[in-house]
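No value in this document is a laboratory result; all are computed from the given coordinates. Note that the structure is predicted; figures quoted are calculated from it, not measured. Cβ placement follows ideal geometry from the backbone for every residue including glycine, while neighbour counts extend to all protein chains displayed.
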Amino acid sequence: MKVELPTGLVMAVEEAGDSLPLLLIHGFPLNRSMWSEQLAELSREARCIAPDLRGFGETGTGGLHGIDQYADDMAELLEVLGVQRAVVCGLSMGGYVALSMWKRHPMLVHAMVLADTKAGADTSEGKSKRDELIALTQREGVNALAAQQLPGMLGKTSRSENPELVERVRDILESAPEAGVIGALQAMRDRHDSTAILSSVQVPTLVIVGEEDALTPVKEARSMFDAMPGSRLEIIPGAGHLSSMERPRDFNQAVGSFLSTLVGS
Ligand code: MLT
């Protein structure tokens with residue numbers, strides 16, 4: 001369905017299930033379809049809400065981007081859907097958005113799932129890489145960007161044993177709107193370091209990482225886990241950066257068991 005936010009942005013969102021609201025925020029340069037296995041399974045125990053972020057999928061582009069802007073969009077979406085508090089689950093760039101929601105809209109955050117993500121900002125080398133990717137996208141289009149990104153996004157097990165998934169991810173990447181891709185690259189390049197806010201996280205938090213994640217490796221997940229008192233850590237064997245797509249059963253089991261600890265809280 002499509003919903004209009006108070007700012008006028010028209011956002012595409014998929015919903016399944018009822019009870020505990022679970023907001024699923026996709027990574028870069030994906031869209032809400034990455035969560036299809038979560039909607040299918042976790043909707044038995046949660047109200048899954050999977051939007052396309054500004055500039056991705058079927059959501060409009062609507063002006064300036066920024067990680068905080070995505071977080072404000074998520075806050076507006078929850079308000080429009082009548083959700084007072086949600087478990088906020090973000091993968092990679094979605095995790096940057098989840099941490100920004102904790103900083104800017106803590107009352108909306110019931111709990112967090114931070115998957116294949118990190119708290120730190122881009123290094124100066126990382127910022128230059130973003131600029132190169134922006135230039136590549138402007139020069140050669142989104143398919144060239146997809147070809148660059150794809151190998152790092154999936155673990156070696158998926159790359160060698162799951163060609164259907166490789167094609168599925170390629171299709172999603174190649175369908176990403178150019179303006180959304182460029183906006184997100186700028187947003188990630190310019191994002192703030194969230195490391196200092198980790199110790200302020202007072203809601204239950206699950207950190208998930210694919211064992212073979214080359215983009216946000218296990219050591220990033222461990223350092224977030226170490227910095228958040230009372231958090232949990234799940235390492236998913238045989239998965240890379242897109243752990244929810246590569247090993248959906250293990251991912252869903254980890255999230256499902258985390259959700260069961262929240263009922264009544
Ligand atoms: C993502 O999967 O969202 C990206 O790898 C995040 C990033 O490039 O920092």
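Rounded to the nearest whole Hz, the Karplus-based 3J(HN,Hα) values (6.51 cos²θ - 1.76 cosθ + 1.60, θ = phi - 60°) of segment 23-31 follow the sequence 8, 10, 10, 6, x, 9, x, 9, 7, with x at glycine and proline.
Simple spin-label estimate for residue 178 and residue 85 gives 4.5 nm between the two label positions (7 Å along the Cα-to-Cβ direction from each Cα).
Over all directions, the projected convex hull of the C-alpha atoms in segment 1-74 averages 4.7 nm² in area. Using the Cα coordinates of the chain, the gyration tensor eigenvalues translate into equivalent-ellipsoid semi-axes of 24, 21, 19 Å, sorted from longest to shortest. Annotation: amide H-H contacts under 5 Å for residue 59 (H modelled 1.01 Å from N, sequence separation of 5 or more, or interchain): 12.
Going by the alpha-carbon gyration tensor, a ≥ b ≥ c the square roots of its eigenvalues, is segment 53-205 rounded (a/c under 1.5) or, if a/c is not under 1.5, prolate (a/b greater than b/c) versus oblate? In terms of gyration-tensor shape, prolate. The magnitude of the dipole of the chain, with charges of +1 and -1 set on the Cβ of Lys/Arg and Asp/Glu and taken from the Cα centre, is near 460 debye. Couplings 3J(HN,Hα) of segment 40-51, computed from phi: 5, 9, 6, 5, 6, 10, 8, 8, 7, 10, 10, x Hz, in residue order, whole Hz [Karplus 6.51 cos²θ - 1.76 cosθ + 1.60, θ = phi - 60°; x for Gly and Pro]. When 52, 72 are arranged by Cβ crowding within 10 Å, least crowded first, meaning fewest neighbours, the order is 72, 52. Note on residue 219: lysines with a C-alpha under 26 Å away, same-chain residues under 8 apart excluded, are 103, 118, 127, 129, 156. Residue 58 sits among other residues whose Cβ lies under 12 Å from its own Cβ, and their net charge, with Lys and Arg +1 and Asp and Glu -1, is +1. For residue 233, the residues whose modelled amide H falls within less than 5 Å of its own, excluding neighbours fewer than 5 places apart on the same chain, are 207.
Ranking of 22, 77, 262 by neighbouring Cβ atoms within 10 Å, starting from the fewest: 262, 77, 22. From the Kirkwood radius over Cα pairs of segment 138-211, Stokes-Einstein at 4 °C and 1.567 mPa s returns a whole-number translational diffusion coefficient of 86 µm²/s. Counting only DSSP H runs of at least 4 residues, each contributing -39500 (n - 2.57), and dividing by the residue count of the chain, the helix-based mean residue ellipticity at 222 nm comes to -13500 deg cm²/dmol.
Each residue of segment 8-22 was assigned a 3J(HN,Hα) from its phi angle through the Karplus expression (A = 6.51, B = -1.76, C = 1.60, θ = phi - 60°), giving x, 5, 9, 10, 8, 8, 10, 10, 8, x, 9, 6, 4, x, 10 Hz with x at Gly and Pro.
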